Amino acid sequence: MDPIIRQVFVVHSVYIVFVLVAFSALCLLYAPELAGASVLGRFLCIWMAVFWTPRLIVQWTYYDRAVRRANPWGNWGFTAAILYLIVVFGVAALGGVS
C-alpha cells in the first residue's frame, strides 16, 4: 500500500475516534440537554440516530457472514448496542416518552 493511503486511513480513523469520544462526552455530560425539548438537543439526537443507522446496515450487509457466524456473541452484541443507540436517540429526538 502506498504510504500516503495508509496515512490518510490512519488520520481518518483517528478523527472517527474523536467524533465517537465527543458523542460519548455529549451523552454523559449533557444528557438533560439532549433529552430536553431544545432545538439543538433534538438536532444532535436526530444526527446521532442517523449516524448509527448505517452502521447497523453495514453490520448485516457488508461484514463477512462467515466471521459473523464464527462470532455470534460479538455480532449480536454489536447489533444490540447499535439498535439501543438508534432507539434511545430516536426517542429523545421525538421528545421522549411521556
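None of the figures in this text is laboratory data; all of them are computed from the coordinates on show. This structure is a prediction, so every number in the text was calculated from the model and none was measured. Cβ sites come from the backbone with ideal geometry, for glycine too, and all protein chains shown count toward neighbours.
Being part of a helix (DSSP H, G or I), of a type in the set (Lys, Arg) and surrounded by 15 or more Cβ atoms within 10 Å (Cβ to Cβ) holds for only one residue in 69, 42, 55, 6, and it is 42. Screening residue 63 against (1) assigned to a helix (DSSP H, G or I); (2) surrounded by 11 or more Cβ atoms within 10 Å (Cβ to Cβ); (3) of a type outside the set (D, E, K, R) leaves a single unmet condition, (1).
Using the structure shown, decide if residue 26 is more than 14 Å from residue 87 (Cα to Cα), assigned to a helix (DSSP H, G or I), touching an Asp or Glu at 6+ places or on another chain (Cβ under 9 Å) and free of Cβ contacts under 8 Å to residues at least 24 places away in the same chain. Show your work before the answer.
On the way: more than 14 Å from residue 87 (Cα to Cα): yes; assigned to a helix (DSSP H, G or I): yes; touching an Asp or Glu at 6+ places or on another chain (Cβ under 9 Å): yes; free of Cβ contacts under 8 Å to residues at least 24 places away in the same chain: yes.
Yes: the conditions hold for residue 26.
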